[in-house]
Every structure is written in structure tokens, then in C-alpha cells.
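> Sharing a structure with you now.
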Amino acid sequence: MLENLLITTPNNSDEIELLTLLIEKWDEEYFSNQSNDPVEIIKSLMEENNLKSKDLAEILGLSKSTVSKILNYHKGISKETIRKLSDFFKISQEAFNRPYKLINSSKKIHSSSFHTASRKKPNNAFVQ
């Protein structure tokens, strides 16, 4: 949307600057008031966009089972999945790249490192 304004209205730099500031402020408030839990952020975004788990599976190129495991705290979020979520929802990767607890684990798992490294090291290697 902002890119379209830049193309169609090159002489309206004040309006574009104001819109940019408003978007940044909204982002800050929205994500600071939300849980820092990436799974809750995903669920909230799914609800706002009327998406079901099967829709998210298609968007992310994952199986429905894998999406279910992520949404139910049984699996961490890979770096690639974080990139795809960020691209699709047009928000910062930082929103999804935060530590959170997986079920049956008393330790916090860093979402982006759990998936790719879990085959090599035990879960407690990612304690934060």
C-alpha cells in the first residue's frame, strides 16, 4: 500500500511520512500489548485474516500435522517458517523469533533454533 502511494503520489512526501509514522506506532503498540508468545501472535493473525490451520499449512508449505504441532506448542518454529510468516503477514520476523515454552518442556526454547538444531542436540541445549 505504501509502495503504491510512493509511485502514484510522488509529491505527497508529508502524507507518506505521516502514514509511515502511524504504521510504525501501530506496530509498536500492537505487538507490545500482545503476548510475546509467537504462537499466540500467529493465532491472532490467523483469526484476523480468517485463516484456518489448513490455509496456514498451504501458505507455509508445511503439512497440516506440522502446523498443528506448532500451534499446540509441540514443535518450534523454523527460521524458514519465520521468514514465510513475516512475508505473508507483512510484519517483522522479530515478532515470531522469540523464546517460548513447548509442552512437556519446562525450559524455554528459542523458536528459530529449535527446529533445525533439535536433531543434533537435546532440548535443554536451547535454554534461555
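No lab work stands behind these numbers, since they all come straight from the coordinates. Every value quoted in this text rests on a predicted model; they were computed, and no experiment measured them. So basically every Cβ, Gly included, is an ideal-geometry build from the backbone, and we count neighbours across all protein chains shown.
> For Ser65 and Asn36, compute 0.36 nm times the residue count separating them, minus their Cα-Cα distance, and round to one decimal in nm.
8.0 nm
> Can you give the FRET efficiency for Asn50 and Glu24, using 1/(1 + (r/R0)^6), R0 = 25 Å, r = Cβ-Cβ distance, to the nearest 0.05?
0.45
> If you don't mind, another one. Which order results if Val67, Val39 are arranged by neighbouring Cβ count within 10 Å, fewest first?
Fewest-to-most ranking of Val67, Val39: Val39, Val67.
> Between Asn12 and Asn104, how high is the FRET efficiency from 1/(1 + (r/R0)^6) when r is the Cβ-Cβ distance and R₀ = 41 Å? Nearest 0.05.
After rounding, the FRET efficiency stands at 0.15.
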